[in-house]
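Scroll down for the structure; my scribbles are underneath it.
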Amino acid sequence: MPAAETCIRNARLSDAAAISQITSSYAGQGIMLKRTVENIIEDIRNFFVADYNGRVIGCCAIAFYTVRLAEIRSLAVLEEFRGTGIGRLLIEKAEGVLSEEGVKEVFVLTLNSGFFGQMRYTEIEKEYFPQKIWRDCTNCPKLMACDEIAMVKKF
């Protein structure tokens with residue numbers, strides 16, 4: 001099982017292309033927004049990666065909205081490593097950093113509510129997060145027909 005041999009670490013500039021490639025496969029399926037290499041580089045300090053024998057096999061990012069509210073986003077794991085616990089490790093790393101920063105609530109927008117439910121996130125109305133809607137959702141092609149589920153976890 002690769003999870004035991006995987007290092008979850010802060011992303012480096014040299015990881016940007018791999019992060020973009022992993023997230024692009026999900027974006028192509030309409031599961032997440034496309035992130036360009038340039039966009040990832042701008043936000044690299046907010047990304048974490050799963051490193052398996054020197055290969056980036058997964059990623060996620062955090063976004064701060066207020067001193068109490070943050071989002072975990074861009075969670076993606078290479079298809080061949082899905083179901084091995086890598087996603088859970090990435091979320092746990094992000095939650096640890098958010099907790100250290102004093103964040104009290106973290107939210108996700110997801111199509112996989114079962115996964116986040118297992119991680120003790122609960123469903124909530126998207127309108128609870130107007131900051132997210134104004135910051136990111138206005139640029140989303142699904143804006144008028146969003147099928148994502150908003151979920152929140154309180155620390």
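Laboratory data are not the source of any read-out in this text; all were calculated from the coordinates shown. No experiment lies behind these values; they were computed from the predicted model shown. Using ideal geometry, Cβ is built from the backbone for each residue, glycine included, and neighbour counts are taken over all protein chains shown.
Using 0.36 nm per residue and subtracting the Cα-Cα separation, the extra length available between LYS104 and ILE31 on full extension is 23.6 nm. Dimensions of the stretch 1-41 along the principal axes, based on C-alpha atoms and rounded to the nearest Å, stand at 30, 23, 11, largest first. Against the longest principal axis of the chain, how steep is helix 16-28, in degrees 0 to 90 to the nearest 10, with axes from Cα atoms? Tilt of helix 16-28: around 50 degrees.
Computed over the chain, the alpha-carbon pair-distance distribution with 10 angstrom bins reads 11, 42, 39, 8, 0, each value a whole percent.
Please give the helix 86-100 orientation as an angle from the longest Cα principal axis of the chain, in degrees from 0 to 90, rounded to the nearest 10. For 86-100 against the chain, the angle is about 60 degrees. Bridgeable aspartates and glutamates around LYS104 (alpha carbons under 17 Å apart, same-chain partners fewer than 8 residues away excluded): GLU71, GLU92, GLU95, GLU123. Net charge of the neighbourhood of ARG12, taken over other residues with C-beta under 11 Å away and scored Lys/Arg +1, Asp/Glu -1, is 0. Ordered by the count of other Cβ atoms within 10 Å of each Cβ, fewest first, THR36, THR6 give THR36, THR6. By the scheme Lys and Arg +1, Asp and Glu -1, what is the net charge of all other residues having a beta-carbon under 13 Å from that of GLN118? Net local charge, GLN118 excluded: +2. Per residue, the chain reaches -8500 deg cm²/dmol at 222 nm when only DSSP H runs of four or more residues are counted, each adding -39500 (n - 2.57). Note on ASP15, ASP147: ascending count of other Cβ atoms within 10 Å places them as ASP147, ASP15, the fewest first. Using C-alpha pairs under 8 Å with a sequence gap of at least 6, the mean separation divided by the residue count of the chain gives a relative contact order of 21 percent.
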